[in-house]
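*Asks:* One structure is given below, represented as structure tokens, and several questions about it will come after.
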């Protein structure tokens, strides 16, 4: 293949460059699942979109042929139809996405226990210690690629390199259903000409600032004087330059050593403007229900409740508050979010609301906290018992079979899916 895998992955002199990291990215994931579930769509121009009646009418994913016609993720439906008149609009199916994502990750775990999810359709794998069993990095990547294709009918692009940053860039460079290796011999040739925004977490504002310094490519950044760059970016300069040079030493978190997420949240754009507190309470309960369930599924609790509000002028505001004992119960999360809402709106006339987002942060594992006996925890204990009972009933009979009084009617009026555990929110599950 024109390079030495032994040199790349066994050189002790290279330190962190002795690792073998893969980045696996499912191709057009949402669209591919839609075709799997409806083979009649195969070969057609399709776009998976949010529900326009709920004011979520944007392209979330598109088929490869639609992409070539100019359809882009985030494009409004009307614009997608303009650039591709033959396009078929397909609704989202997050239950199917979750199911296929788990099946794909099960294949990854056959090759290594170090698998780190980066969204529903991307994962990093550290296969450094898997080579004696499965071959070098490219060979492992191809075995995984073929297994996903043959067993699930999905395709992936895989980047292979000596760190997470370059592995991700490799999968970006790979065609659908292919592998690209970024090695010690070729990384400057392949990576350095790429634009700055190809680097993870380099946002538009940073790109504008770097462009003013005549830094336009990853290579420009890699060769820039760190001390000079610090005067403009502070301590972030070292991290950016290190990533550009391929010196990223971040570990791939394995299943025995998962870091706790910073927060668990859900948000939604409502189908019509909310103009009463009762309508707001219905949305807060829906969001809190989903968050609480996800927290319980991960055995997590949180101390901090955050609420964000977007009004009809598209202006966001938000606030957060901490509670004495961590929670994963819907009533505590909803009540706290409602109190925050009252504080944010108390000095203003009730402005119509377009979107709400609730998040629980400052997380800890259930059982890791000693309850503060000086606090009255009777209500929280009752709430936990109620949620546990609801979970058991819903797992057996479905989530629509038991709800608090009045919530089902409110959800239907607002156009929400009554499957409360279906995380149908763009900010939680993203593709491409």
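The values are calculated or read from the model by the stated rules, or taken from the named source; none is laboratory data. Just so you know, these numbers come straight off a predicted model, no measurement behind them. Cβ atoms come from the backbone with ideal geometry, glycine included; neighbour counts cover every protein chain shown.
*Asks:* Which one of 160, 127 is within 16 Å of residue 172 (Cβ to Cβ) and in contact (Cβ under 8 Å) with a residue 24 or more places away in the chain?
*Replies:* Exactly one of 160, 127 is within 16 Å of residue 172 (Cβ to Cβ) and in contact (Cβ under 8 Å) with a residue 24 or more places away in the chain, namely 160.
*Asks:* Let me ask you something else. Return only the number of the condition from (1) surrounded by 23 or more Cβ atoms within 10 Å (Cβ to Cβ); (2) in contact with a helix residue (DSSP H, G or I) (Cβ under 7 Å, 6 or more places away or on another chain); (3) not in a loop (DSSP other than H, G, I, E, B) that residue 130 does not satisfy.
*Replies:* For residue 130, the failing item is (1).
*Asks:* May I pose another question? Counting just the residues of the range 37-61 that are modelled with pLDDT of 90 or more and under 22 Å from the mean Cα position of the chain (by Cα), which one comes out farthest from residue 272 (Cα to Cα)?
*Replies:* 47
*Asks:* Looking at 174, 167, which is the one that is over 18 Å from residue 111 (Cα atoms), touching a strand residue (DSSP E or B) at 6+ places or on another chain (Cβ under 9 Å) and in the same structural domain as residue 110 (by TED's automatic domain parsing)?
*Replies:* Sole residue among the options that is over 18 Å from residue 111 (Cα atoms), touching a strand residue (DSSP E or B) at 6+ places or on another chain (Cβ under 9 Å) and in the same structural domain as residue 110 (by TED's automatic domain parsing): 174.
*Asks:* Could you check the range 170-191 and list, in sequence order, the residues that are touching a residue at least 40 places away in the same chain (Cβ under 8 Å) and under 20 Å from residue 238 (Cα atoms)?
*Replies:* If the condition is that a residue be touching a residue at least 40 places away in the same chain (Cβ under 8 Å) and under 20 Å from residue 238 (Cα atoms), then 187, 191 are the ones that fit.
*Asks:* Right, here's the next one. Condition first: under 18 Å from residue 36 (Cα atoms) and either at pLDDT 90 or above or part of a helix (DSSP H, G or I) (or both). Can you find one or more residues in the range 112-123 that meet it?
*Replies:* So far as the range 112-123 goes, yes, one or more of its residues are under 18 Å from residue 36 (Cα atoms) and either at pLDDT 90 or above or part of a helix (DSSP H, G or I) (or both).
*Asks:* So which residues in the range 135-160 are farther than 16 Å from residue 180 by Cα and buried (at least 16 other Cβ atoms within 10 Å of the Cβ), if there are any at all?
*Replies:* Listed by number, the residues that qualify are 147, 148, 152, 154.
*Asks:* So, in the range 73-88, of the ones that are surrounded by 15 or more Cβ atoms within 10 Å (Cβ to Cβ) and either part of a loop (DSSP other than H, G, I, E, B) or out of contact with any strand residue (DSSP E or B) (no Cβ under 9 Å at 6 or more places or on another chain) (or both), which residue ends up modelled with the lowest pLDDT?
*Replies:* Checked the range 73-88; the qualifying residue modelled with the lowest pLDDT is 73.
*Asks:* Free of Cβ contacts under 8 Å to residues at least 24 places away in the same chain and over 19 Å from residue 342 (Cα atoms): is that true of residue 243 in this structure?
*Replies:* No: the conditions fail for residue 243.
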